[in-house]
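S.K.: One structure follows; several queries about it will come next.
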Amino acid sequence: MATKSPKSTTPVSAPVAPLALLTEEEILKMGEADYMNEAQLAFFKVRLQQLEKDLLKNADETTEHLRETVLVPDPADRATIEEEHSLELRTRDRERKLLRKVQQSISAIDGGDYGWCEETGEPIGIPRLLARPTATLSLEAQQRRELKQKLYGD
């Protein structure tokens, strides 16, 4: 942060120590007053960025693997290879959707909305975010949504 000295009009920068990342245990021990403070946001942002990096790496590996076309004369072997490719593509499709959620979560951190339920505005909760860092609904709101989908086929 830049502050101005009362005698001078030039900004004076205060020394800023690098923010040490917290562990899961430290975050879980924090009180409600500390919810989504700067340290917690930094923890989740690093976790989400690592997840994003891993998903992109997997996508690159899949692309390379699918390019390695092997011509096999045996129909059973060809069918096995095609099934493996199909399974890999389905997995990557799920990861693509997860990647979009991860990127939205990173944007929510940058926008100051991360950790708050989209539906109710209440805290999502640290344990839920540790389990599912891309969560956008509190546990109760998610349960209501799933019940509604089950009842009405939404």
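Since every read-out is calculated from the coordinates, none of them should be taken as a lab result. The structure displayed is predicted, hence computed values, not measured ones. All Cβ positions, even for glycine, are placed from backbone atoms using ideal geometry, and neighbour counts span all protein chains on display.
S.K.: Helix-only mean residue ellipticity at 222 nm, the chain, DSSP H runs n ≥ 4 weighted -39,500 (n - 2.57), per residue, nearest 500. What is it?
M.R.: -20500 deg cm²/dmol
S.K.: Multiplying the sequence separation of residue 53 and residue 103 by 0.36 nm and subtracting their Cα-Cα distance, what value in nm do you get?
M.R.: 16.9 nm
S.K.: Candidates (1) 1.31; (2) 1.01; (3) 1.52; which is the computed Cα Rg over 2.2 N^0.38 Å?
M.R.: (3)
S.K.: Taking H placed 1.01 Å from N in the peptide plane, check which residues at least 5 places from residue 116 or on another chain put their amide H under 5 Å from its amide H.
M.R.: It is 124, by chain and number.
S.K.: For residue 57, give me every one of the aspartates and glutamates with a C-alpha distance below 15 angstrom, ignoring sequence neighbours fewer than eight places off in its own chain.
M.R.: Within reach: 88, 93, 95.
S.K.: Quick one: 3J(HN,Hα) in Hz for the range 83-98, Karplus 6.51/-1.76/1.60 with θ = phi - 60°, rounded, Gly and Pro as x.
M.R.: Per-residue couplings from phi come out as 5, 4, 5, 4, 4, 5, 5, 5, 4, 5, 5, 5, 5, 4, 5, 5 Hz.
S.K.: Let me ask something else. For the chain, what is the relative contact order in percent, using Cα pairs closer than 8 Å and at least 6 residues apart in sequence?
M.R.: Numbers: 104 pairs, mean separation 28.9, N = 154.
19 percent.
S.K.: Once you've got the GNM for the chain with C-alpha springs shorter than 10 Å, pick whichever of 133, 75, 123 has the biggest mean-square fluctuation.
M.R.: In this elastic network of the chain, the residue with the biggest mean-square fluctuation among 133, 75, 123 is 75.
S.K.: Mind putting a number on the dipole of the chain about its Cα centre? Charges go on the C-beta only, +1 for Lys and Arg and -1 for Asp and Glu, and I need it in Debye to the nearest 20.
M.R.: With Lys and Arg at +1 and Asp and Glu at -1, about 660 debye.
S.K.: Beyond a 30 Å Cα-Cα separation, which of these cross-linked pairs lie in this structure: 29/53; 97/150; 101/148; 53/148?
M.R.: Going by Cα-Cα distance, 53/148 fall outside the 30 Å limit.
S.K.: Also, quick follow-up: Along Cα→Cβ, 7 Å out, is where each label goes; now give me the distance between the ones at residue 70 and residue 148 in nm to one decimal.
M.R.: If labels sit at residue 70 and residue 148, their model points lie 4.9 nm apart.
S.K.: Taking a spot 7 Å from the Cα of residue 23 along the direction of its beta carbon, which residues of the range 31-63 have an amide N less than 16 Å from it?
M.R.: From the range 31-63, the list is 43.
S.K.: Compute the acute angle (0 to 90°) between the alpha-carbon long axis of helix 38-67 and the principal axis of greatest extent of the alpha-carbon atoms of the chain; round to the nearest 10°.
M.R.: Its long axis makes an angle of about 20 degrees.
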